[in-house]
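One structure is given below, encoded as structure tokens.
The values are calculated or read from the model by the stated rules, or taken from the named source; none is laboratory data. All values reported here derive from a predicted model rather than from experimental measurement. Don't worry about glycine lacking a Cβ; one is built from the backbone with ideal geometry, like all the others, and counts go over all protein chains shown.
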Amino acid sequence: MLVYNFTLALRSLRERIQLTILMVLAIAIGIGLLITVQTMSYQGDKIPLAHKADKIFFVQADNRDIGAEPIVRQPFMTYLTYRDANNIINADTPASKHTTVWKSDVILNSFDQDVRPFRASTVVTNNNFFSMFDVPFQYGGAWSESADRGAEPVVILTKESNDLLFGGKNSVGQQLRVNALTVTVVGVMAEWNLGRRFYDESYRMGRKDTAFIPDTFAIKNNINRRERLDCLPQDRDKQTAYRTKDVDGLINSECTFVRLWAELPDPNLADQYREFLTQYVMSQKELGRFPRELNNYVTSLYTMVTLRNELNGSRNPLAYIAPLFFIVCLLNAIGILLAKFMRKSKEVSLRRALGAKKWVLMTQYLFEVLIVGVLGGIVGTALAYLGLQGMLHVQIYQSDYAVTAQALSHAFALDWVMMAKSILTAMVSSVVIGLYPIWRVVNIAPASQLKSQ
Amino acid sequence: MEFRPILLSLKQNKFLSLLISVQVMLTVTVLSIATSITVETLKAWNMPSGLDHENIVSVRTQFFDPEVNLANAIVNDVNRIKQIPGVIEVTPNQEIPFDAGRPSKVYLSSEQDAEGFDTNFFDMNVDGHKVLGLTLIAGRFFNQTEVIQSSAEQATPVSVVMISQDMAKELFKDHSPLGKTLYLAKESQPVQIIGVYSNFMNGERLNGRGKSYHTIMRPQVIWQHGNNPNYLIKVEQGSAASLFEPITQALYQTPGRYIYGIEKLTRTQKRMYDGRGSQGAILLVVSLVLVLIAGFGVAGLVSFLITQRQKQIGIRRALGATKWSVIRYFIVENSMLTIFGLLMGTLLTMLFSYLMTQGSGQSFLSFSQVLYCSVFIWLINIAAVWLPARRAAKVSPAIVTRSA
Amino acid sequence: MLRMENVSKIFRTELIETHALRDVNLHIKKGEFVSITGPSGSGKTTFLNLAGLLETFEQGDYFLDGVNVKGMSDNQISALRNEKIGFVFQSFNLIPDLPLFDNVDVPLRYRGFNRGERKERIENALEIVGLSSRLKHLPTQLSGGQQQRVAIARAIAGDPAFLLADEPTGNLDSMMAQSVMELLEKINDNGTTIIMVTHDDQLAKRAGRNIQIFDGQVSDIALDSSDVLIKRA
Ligand SMILES: Nc1ncnc2c1ncn2[C@@H]1O[C@H](COP(=O)(O)OP(=O)(O)O)[C@@H](O)[C@H]1O
Ligand SMILES: [Mg+2]
């Protein structure tokens, strides 16, 4: 019976092939846009470093003025002072590792006169960064702890910067200059597909950082701070100097600019860590620091990203438009389906008169809409692929070709999950739109249509 | 008009009628939201630049070697660039047209609560106006003695400025700005306005506030390590692209620097608009596809309704309906459904725009937009019924006697 | 009055030509009650369609109330049909979506009567057919006979000069057929010319004049004393 119904369904689809094509297209176009938009937000919302996102924590303690604005969006609170970050790192905490991050722009220039100098967006950090964040290396590896302690002139390059400076060769041990300072390459990173750049809280997808240098080295040599300095009133007029000149003043100031990340061996230690942080801030309060009430946060990477996603969620108008668009497409398909089925009223009433049971007819028509749904899903997935490629190219155009398709493609990639979702959505919605037309057609009274017209 | 029979007949075809109305409702919602956002994003989009941007080159360069003597470097740079065949004029600059940074405020009085006026400062040498090709509207351009060339530490503030036409209009309405004084910051020394030049585009930020041409030109070239001037270069017609390499080479003659970017101002202009432009384009393409689909859908549903009512149409024809009254019947019927859908759609649009702007608070919705979209969709729907209705009018009245 | 001179109707399909009517010459006077009989497929309906301006013809002339309809535009023909002719069909042909009142209203709207006049005419017509109490019913809520009476009401509401009926009793049982026939006779008594196609010889005989059609050709048989032209092609 099922096979018979299936062949009947196939025949019926072939019978008025234009209508079938129209229906498939209607579903496919709707699915295409929906999955395009959903894939973008799915990829965009993916948690970077997912396998340890619950063990990596962002540490914040509010060292602002009493009159400062209240905290409304926690992840966007200020960072730590250099002093506090180091105090915490050196204290006895439940964390197994700590790393700090601040950003700079340096000019990388080779001793080879043929290689023109270029500006590198630079991460200033310590050696734990590379193990905490699972950075893959092509050549060499992270600098040693002693390099951190000794403020050694070392640098880690990315594939891009190594290509520019050394033609992609293994450059470990080679020398180059960071601004006017001679440094040695200790490692070259392999392609690091982080998704979004969470560690500097920019959550950017495109342009990557291209150099990594030790914090101690940067402070010792006064590498400029490309950070917003948030200072207590007594330091506010020195902000400009702190950014570019007075590094000693900065590290002893009440200006925040350092991001502190902690890795806990067990997520459950977070409370213990919070306890520690409270104690630390209380002890500093006794020294007359931290003028405000306690606003400490120890937030897992997972939570940070989730909060961020929520904030971004409603930005894209297409996220609102796509579902409406999809519904319109489905309504269209209902119209076509109804037209198609009602044309067969006579046939159905005849079949009913000849003894076809309702559910038998029902399965035939269900097969028919399901086949349409699957086809719509497949074509829709193909359209979504094209849509995502289109969006990728729009994104590249918008960035004025500063990012490569390769660097961005992961954000516009259709994976198995989304493909399955696409086809499943198409099938479910084809059944939903089929409900009313099928109900109408199987409820035609037997032979009612057989008399006049 | 035959509203009553149409309504009665719609009552018998509730589902299909509802299908058309809901489709119209959703379509007008999407279209209204999309066009409202697009109009809002594209407001002041691609305005006249006031510049010959295809023939102006912008170079951004920085020194990383703190030992470089910036004063000499700048003099050398300007001389070297000027000697390149094809280069007409060159000026050091800070802000770049189409890419001006955070706006500053200027004041007409030194009082604490004086009203501030948004603007961008363009610092250039005496040739700056030639590079940008500005026309003198009133007063005069700077002369060499007025130009401050100095390191940041030793710089004295300028005493004269020029302002753009639009800036003049905002500051002084119809009065002449010449000889008037201006405060370039709170608690600063006043400066004198010596001339007014033709408008040119500042950048995205003020453009977004409807102040695209509000600029002030200061005769100064100030340098500092980490913040030294860039260059704007006027070149001969059509030669810009071919001069990138010679200019780059000329600049690299001074060691200890890198060049961050060299481009025509046309490209800078593209960057200023491309984000908004492509977002607008995506929304418009999506909504046009939607209108198309909905149009086809309505045409399909109407033609189904007509096939179902073949007999009825024949009866009407037999009872004296002209072809036109058959067409009119379907147009009126469809318009009733459409208008109902449009009304519901307007409500839905308001709901959505409320949901979408809950975070940001400012509404993008414009009612005239909704109205235009409604009329547009109505016209599309009339077009969509037109063909099936014409087919309906061709139904022969003789079918009424063909029983069976 | 209605006059046809040498009217022929040929149906052309891709395969064959059917001469549905050949050289019909006929004169029907005002106030006549004419029945048309003939075997199935002989051209009765085609004749009625031509007479009722539902179908165009290629040859001959047709005068309706003295006007030659040949060469009239579709709009003129529609108006003429609306004003001069009422139809009653075998399958009733009521508009299923509309209640009785609005069904009867259809031709009156095309006529351009104002609201008050339409209402009066509808109520009158429904009263004549004895259905005044059921204005709001849908056609499907009525029996066949009742539906046919509504159709008759719709046909006469505009006071047409001619009432054309194609087997008006074909779908009805004899009781109902009887009452419909009586109704038609009553209408004829009021001066409306009636042309009725029927299979039922009994009914055909009740008409004042019977026209027989065989294979598209008309032979006219007078059943009463009124003068009748017998013309054969
Ligand atoms: N629309 C048409 N197209 C082709 N042939 C037709 C059409 N209408 C009627 N005929 C043919 O014309 C002839 C007369 O038909 P009709 O007038 O309906 O006969 P009757 O009503 O007497 O049964 C028949 O042979 C029929 O097949
Ligand atoms: Mg017949």
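Of the helices (runs of 4 or more DSSP H) lying entirely inside region A:296-406, those carrying at least 3 residues that are facing another protein chain (nearest Cβ under 10 Å) and surrounded by 17 or more Cβ atoms within 10 Å (Cβ to Cβ) are A:317-343, A:358-398. Within region C:56-89, being farther than 21 Å from C:L108 by Cα, of a type outside the set (G, A, S) and either more than 16 Å from ligand 1 (Cβ to nearest atom) or in contact with a Leu (Cβ under 9 Å, 6 or more places away or on another chain) (or both) holds for C:T56, C:F57, C:D61, C:Y62, C:F63, C:V67, C:N68, C:V69, C:K70, C:M72. A search for C-beta distances below 7 Å between a residue of region C:177-201 that is within 14 Å of chain B (Cβ to nearest Cβ) and touching a residue at least 12 places away in the same chain (Cβ under 8 Å) and any residue that is more than 16 Å from ligand 1 (Cβ to nearest atom) and of a type in the set (A, V, I, L, M), counting only pairs 6+ apart in sequence or on different chains, returns C:I195/C:I28; C:M196/C:L184; C:M196/C:A207.
Looking only at residues in region C:68-98 that are at the interface with chain B (Cβ under 7 Å from one of its Cβ atoms), in a loop (DSSP other than H, G, I, E, B) and among the polar types (S, T, N, Q), the one that is nearest to C:R154 (Cα to Cα) is C:N93.
Can you pull out every residue in region B:1-52 that is within 14 Å of chain C (Cβ to nearest Cβ) and either polar (S, T, N, Q) or in a loop (DSSP other than H, G, I, E, B) (or both)?
Within region B:1-52, the subset within 14 Å of chain C (Cβ to nearest Cβ) is B:1-17.
Within region B:1-52, B:M1, B:E2, B:S9, B:Q12, B:N13, B:S17 qualify.
All but one of (1) surrounded by 20 or more Cβ atoms within 10 Å (Cβ to Cβ); (2) part of a loop (DSSP other than H, G, I, E, B); (3) within 9 Å of chain B (Cβ to nearest Cβ) hold for C:F57, so report the exception by its number. Failed condition: (3). Pairing each residue of region C:8-28 that is on the phi > 0 side of the Ramachandran plot with any residue that is more than 8 Å from ligand 1 (Cβ to nearest atom) and modelled with pLDDT of 90 or more, provided the two are 6+ apart or on different chains, yields C-beta distances under 7 Å for C:D23/C:N6; C:D23/C:S8. The set of residues in region B:318-345 being of a type outside the set (A, V, I, L, M) and either buried (at least 19 other Cβ atoms within 10 Å of the Cβ) or touching a Cys at 6+ places or on another chain (Cβ under 8 Å) (or both) consists of B:G320, B:T322, B:Y329, B:F330, B:E333, B:N334, B:T338, B:G341, B:G345.
If you go through region A:239-264 and keep only what is at pLDDT 95 or above and surrounded by fewer than 19 Cβ atoms within 10 Å (Cβ to Cβ), you end up with just A:E263.
For C:N49, the conditions (1) within 16 Å of ligand 1 (Cβ to nearest atom); (2) within 23 Å of C:D200 (Cα to Cα); (3) in a loop (DSSP other than H, G, I, E, B) are fulfilled apart from (3).
The listed residues are C:S132, C:S174, and the only one of them that is closer than 23 Å to C:Y110 by Cα, surrounded by fewer than 17 Cβ atoms within 10 Å (Cβ to Cβ) and more than 13 Å from every other protein chain (Cβ to nearest Cβ) turns out to be C:S132. Going through region A:239-277 one residue at a time, which ones are under 14 Å from A:L80 (Cα atoms) and either in a helix (DSSP H, G or I) or in contact with a Gly (Cβ under 8 Å, 6 or more places away or on another chain) (or both)? Once the filter is applied, which keeps residues that are under 14 Å from A:L80 (Cα atoms) and either in a helix (DSSP H, G or I) or in contact with a Gly (Cβ under 8 Å, 6 or more places away or on another chain) (or both), region A:239-277 yields A:L250, A:I251, A:L277.
Scan region A:30-40 and give yes if some residue there is farther than 25 Å from A:E254 by Cβ, in contact with a helix residue (DSSP H, G or I) (Cβ under 8 Å, 6 or more places away or on another chain) and not assigned by TED's automatic domain parsing to the domain that holds A:Q395, otherwise no. No.
Listed conditions (1) buried (at least 17 other Cβ atoms within 10 Å of the Cβ); (2) under 30 Å from A:N224 (Cβ atoms); (3) away from every other protein chain (no Cβ under 14 Å) are all met by A:K55, apart from (2). Among residues of region C:41-58 that are more than 9 Å from ligand 2 (Cβ to nearest atom), those with a beta-carbon under 7 Å from a residue that is of a type in the set (G, A, S) at least six positions away or on a different chain give the pairs C:N49/B:A398; C:L54/B:A318; C:L54/B:A398; C:E55/B:A398; C:F57/C:S8; C:E58/C:S8.
All of (1) over 30 Å from A:R119 (Cα atoms); (2) outside the structural domain of B:N199 (by TED's automatic domain parsing) hold for B:F141 with one exception: (2). If you take the residues of region A:96-108 that are modelled with pLDDT under 95 and surrounded by 23 or more Cβ atoms within 10 Å (Cβ to Cβ), which of them is nearest to A:M132 (Cα to Cα)? Applying the filter and picking the extreme gives A:V106.
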